[in-house]
Amino acid sequence: MDKIRIAFFDAKDYDKESFVKANVNDEFDITYYDARLSTDTCKLAEGCDVVCVFVNDDINPEVIDKLQANGVKLIALRCAGYNNVDIEYAYGKIHVVRVPAYSPYAVAEHAMAMLLTSVRRIHKAFIRTRDFNFSLSGMTGFDMHGKTVGVVGTGKIGRIFIDICRGFGMNVIAYDKYPAVDSGIKYVSLDELWEQSDIISLHCPLTDESRHMINEESISKMKKGVVIINTSRGALIDSEALLEGIKDRKVGAACLDVYEEESNIFFHDYSNHIVNDDVLARLISMPNVIVTSHQAFLTSEALSNIADTTLANVKEFMREGKCINEICYKCSRMDSCNLKHEKKCF
Ligand code: NAI
C-alpha cells in the first residue's frame, strides 16, 4: 500500500521528534516545513494527501481553494482548538480533523503553575536570588486557600483545573454555555462570575460569542486585584482593555499563555529584534504580568499523544474515508455532528 504523503507545516524540533517516533512503521511519508501554511506556502503541499497544521497556520478560504486544487484531501490539525480554520468554507471541499484531547493535565497544570508563580512572586525571586539579592521587599503574596476562583469553560481542561483548585481549598464557581449536569460544579452567570471571583481562569474555545469576553465592561464588574489566567485563546481577552485594567490597578495580575496577536510573534526568537507590538511590550513590562508563549500544552506526554492521534486520524480518514475526530461548521458540539453523519461530516 502506498505511503500517505503529509506536508507538515510550522514544524519545530520537538514536533519532528515525536512524529518520527509515532511513524514507527514508516506508513507515512512526512515532509517537514519550518514555514507556516499560508497562501504563499500552499504550493509546498502539491502532491500530498494531507496537510498537518498547528494553532497559528492560517487556513482561510484562499488557502482551502489552493489546497483543494493541489489535490489535498485532509487538513489534520495537531491541536484541539480550530478557530484558525474557516471550517464553514472547508465544508464540502476538504475534511478537517483535530486532536480533541492530548493532555488536558498539561494545560490545567500550566494554568496553576502560572497562577502560583504570579501570586507568590516566584518569577521575581528567581531573578533576585541569582543576583544574590535576598530581600523580601515587594514579595508578599496571598493564600490560595479560601479564595474564590471563577472557571469559564468546564470541559476537559476546565474540570481538571477545578480539581486542582479544590485541592488547594479554593471555592470554585464556574460558567459554561453548556453546563455539565450532575457534575457537582457550582454554575453561576457570567456577571456573577466576574463579580465574585478573586481569580478567573479561561478554559472555553474562541468563538464569535466568546471573542473579547474579557473587555472593558467585564473588567469593570470584577473585584479589585483580580488575577486573570488565560491558557485558552488570546482573543478571549481584549488586550488593550486588560492593559488599561492593569494600569488602573483594577486587575491585580495577569497570567497569559496566549495573546490575541500572537500568531507572528509566539514560537519565534525575537530576542535580538525590536518587537512592534506595543500592547504586548507594555504588558510584558508590567511586574504583575507573566507571559508564556503558548507553552501550556508542551509536555512529553502531550507531544506523544498529539503525534499518535494525528497519525491515527490521518490513517483512519485515508483508509476508511471517515474519522471520528472530524470537525465541521454544522456542529460546535462535535458529538452531534459525528452521530448525525456517522463519523463523516459530508
Ligand atoms: P472542551 O471542548 O473539552 O471544553 C470547552 C468547554 O467550553 C465546553 O464545556 C464548552 O461547553 C464550553 N464553552 C463553549 N463555548 C463557551 C462559551 N461561549 N462560554 C463558556 N463556555 C463555553 O475543550 P478543552 O480541551 O477543555 O480546551 C479548552 C480550550 O483550551 C480550547 O478551546 C483551546 O482553545 C485551549 N487549549 C489551549 C492549549 C494551550 O497550549 N494553551 C492547549 C489545548 C487547548
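The values are calculated or read from the model by the stated rules, or taken from the named source; none is laboratory data. Predicted model only: the values in this text are computed from it and were never measured. When we count neighbours, we look across all protein chains shown, and the Cβ atoms used for this are built from the backbone with ideal geometry, even at glycine.
Looking across region 9-22, the residues that are part of a loop (DSSP other than H, G, I, E, B) and buried (at least 17 other Cβ atoms within 10 Å of the Cβ) come down to F9, D10, A11. Of the residues making up region 54-104, those that are assigned to a strand (DSSP E or B) and either within 16 Å of the ligand (Cβ to nearest atom) or hydrophobic (A, V, I, L, M, F, W, C) (or both) are I59, L74, I75, A76, L77, V85, V96, V97.
Within region 302-313, if we keep just the residues that are β-branched (V, I, T) and buried (at least 23 other Cβ atoms within 10 Å of the Cβ), the residue that is nearest to the ligand (Cβ to nearest atom) turns out to be I306.
Take the residues in region 251-276 that are among the charged types (D, E, K, R) and buried (at least 16 other Cβ atoms within 10 Å of the Cβ), then tell me which one is nearest to E217 (Cα to Cα). Across region 251-276, the extreme among qualifying residues is E260.
Selection over region 50-77 of residues that are touching a Cys at 6+ places or on another chain (Cβ under 7 Å) and not small (G, A, S) gives a count of 7. For first residues located in region 168-182 and over 14 Å from V149 (Cβ atoms), partners that are more than 15 Å from the ligand (Cβ to nearest atom) and modelled with pLDDT of 95 or more and lie 6+ apart or on another chain with Cβ distances below 7 Å do not occur. Condition check for R128 on (1) touching a residue at least 40 places away in the same chain (Cβ under 8 Å); (2) away from the ligand (no atom under 16 Å from the Cβ); (3) touching a Phe, Trp or Tyr at 6+ places or on another chain (Cβ under 9 Å): one failure, at (1).
Per the conditions (1) closer than 30 Å to N56 by Cα; (2) assigned to a helix (DSSP H, G or I); (3) more than 15 Å from the ligand (Cβ to nearest atom); (4) not polar (S, T, N, Q), the sole criterion not satisfied by V227 is (2). If you go through region 283-299 and pick out every residue that is more than 14 Å from the ligand (Cβ to nearest atom) and without any contact (Cβ under 8 Å) to a residue 40 or more places away in the chain, you end up with 2.
Just one of (1) part of a loop (DSSP other than H, G, I, E, B); (2) over 30 Å from L67 (Cβ atoms) fails for H123. It is (1).
The requirement of being more than 16 Å from the ligand (Cβ to nearest atom), more than 22 Å from S210 (Cα to Cα) and out of contact with any strand residue (DSSP E or B) (no Cβ under 6 Å at 6 or more places or on another chain) is not satisfied by E240. So, T117, is that one away from the ligand (no atom under 16 Å from the Cβ) and β-branched (V, I, T) or not? No; evaluated as a whole, the condition is false for this residue.
Only helices (runs of 4 or more DSSP H) whose full extent lies in region 236-346 are considered here, and the ones with at least 3 residues that are among the acidic types (D, E) are 300-320.
Of all residues in region 99-115, those that are closer than 20 Å to I199 by Cα have Cβ atoms under 6 Å from Cβ atoms of residues that are of a type in the set (S, T, Y) and more than 9 Å from the ligand (Cβ to nearest atom), 6 or more apart or on another chain, in A106/T299; A111/S201. In the condition set (1) out of contact with any Cys (no Cβ under 6 Å at 6 or more places or on another chain); (2) surrounded by 20 or more Cβ atoms within 10 Å (Cβ to Cβ); (3) more than 28 Å from Y259 (Cα to Cα); (4) β-branched (V, I, T), I6 is compliant with all but (1). Only one of the listed residues (S220, S201) is assigned to a strand (DSSP E or B) and hydroxyl-bearing (S, T, Y). That residue is S201. If the condition is being of a type in the set (D, E), loosely packed, with under 14 Cβ neighbours inside 10 Å and assigned to a loop (DSSP other than H, G, I, E, B), then region 176-195 contributes only D182. Under 8 Å by Cβ, and 6 or more places apart or on different chains, what pairs join a residue from region 219-248 that is closer than 16 Å to D191 by Cα with one that is in a loop (DSSP other than H, G, I, E, B) and of a type in the set (K, R)? Pairs that qualify, where the first residue is closer than 16 Å to D191 by Cα and the partner is in a loop (DSSP other than H, G, I, E, B) and of a type in the set (K, R), are I219/K250; S220/K250; M222/K250; K224/R249; K224/K250; V226/K250; L236/R211.
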